[in-house]
Amino acid sequence: MSQLSVEDFVLLAIRKLRAGEFKGIHSVYSGFNEAFKIYFNGADPVQATNKLAQEGKIVLRPVRGGVILYNPEEAPTVNRGQLALEKMGLLNSEKNSEIRKRR
């Protein structure tokens, strides 16, 4: 069996390690970080996923205890902070569209 590239490994993990209807995986609780270290002989999964995120190949969302990894086309477009501001009436749809365009 040939070894997967880091990108292919991460995208496969996002598809296969999902719990239920969730689109992303938690880097720690899914077992991803440990699996990455085993498969890539101790390589740092944080460094690898940050690089993929900078390249736009995955999306990372910080959460308690790690990050959630998403395929870019499945990542949420609005974060909880934006939703809270909308509910408070402090972020109108025009400003929200502007924020989404920047992403």
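Being hydrophobic (A, V, I, L, M, F, W, C) and out of contact with any strand residue (DSSP E or B) (no Cβ under 9 Å at 6 or more places or on another chain) is the filter here, so list the residues in segment 12-34 that pass it. Scanning segment 12-34 gives a single hit, L12.
Is there a residue being farther than 30 Å from L91 by Cβ, among the acidic types (D, E) and touching a residue at least 12 places away in the same chain (Cβ under 8 Å) anywhere in segment 35-46? No, segment 35-46 contains no residue that is farther than 30 Å from L91 by Cβ, among the acidic types (D, E) and touching a residue at least 12 places away in the same chain (Cβ under 8 Å). Quick one: would you say Q47 is of a type in the set (S, T, N, Q), under 14 Å from V67 (Cα atoms) and surrounded by fewer than 14 Cβ atoms within 10 Å (Cβ to Cβ)? It is true that Q47 is of a type in the set (S, T, N, Q), under 14 Å from V67 (Cα atoms) and surrounded by fewer than 14 Cβ atoms within 10 Å (Cβ to Cβ). Annotation for segment 68-80: at least one member residue is more than 14 Å from the chain's Cα centre (by Cα) and either of a type in the set (K, R) or more than 15 Å from R15 (Cβ to Cβ) (or both). What about K23, is it surrounded by 13 or more Cβ atoms within 10 Å (Cβ to Cβ) and under 18 Å from L4 (Cα atoms)? Criteria not met by K23. What do you reckon, is L69 within 28 Å of L91 (Cβ to Cβ), touching a residue at least 24 places away in the same chain (Cβ under 8 Å) and not in a loop (DSSP other than H, G, I, E, B)? Yes; evaluated as a whole, the condition is true for this residue.
Close Cβ contacts (under 6 Å, 6 or more residues apart or on different chains) running from residues in segment 49-66 that are among the basic types (K, R) to residues that are surrounded by 15 or more Cβ atoms within 10 Å (Cβ to Cβ) comprise R61/I68. Out of L11, L83, one residue alone is outside any loop (DSSP other than H, G, I, E, B) and in contact (Cβ under 8 Å) with a residue 60 or more places away in the chain. It is L11.
Any read-out appearing in this document is the output of simple, stated calculations on the displayed coordinates, not a laboratory observation. Given the structure is predicted, the values throughout are model-derived calculations rather than measurements. Counting neighbours? That spans all protein chains shown, and the Cβs are built from the backbone with ideal geometry, glycine included.
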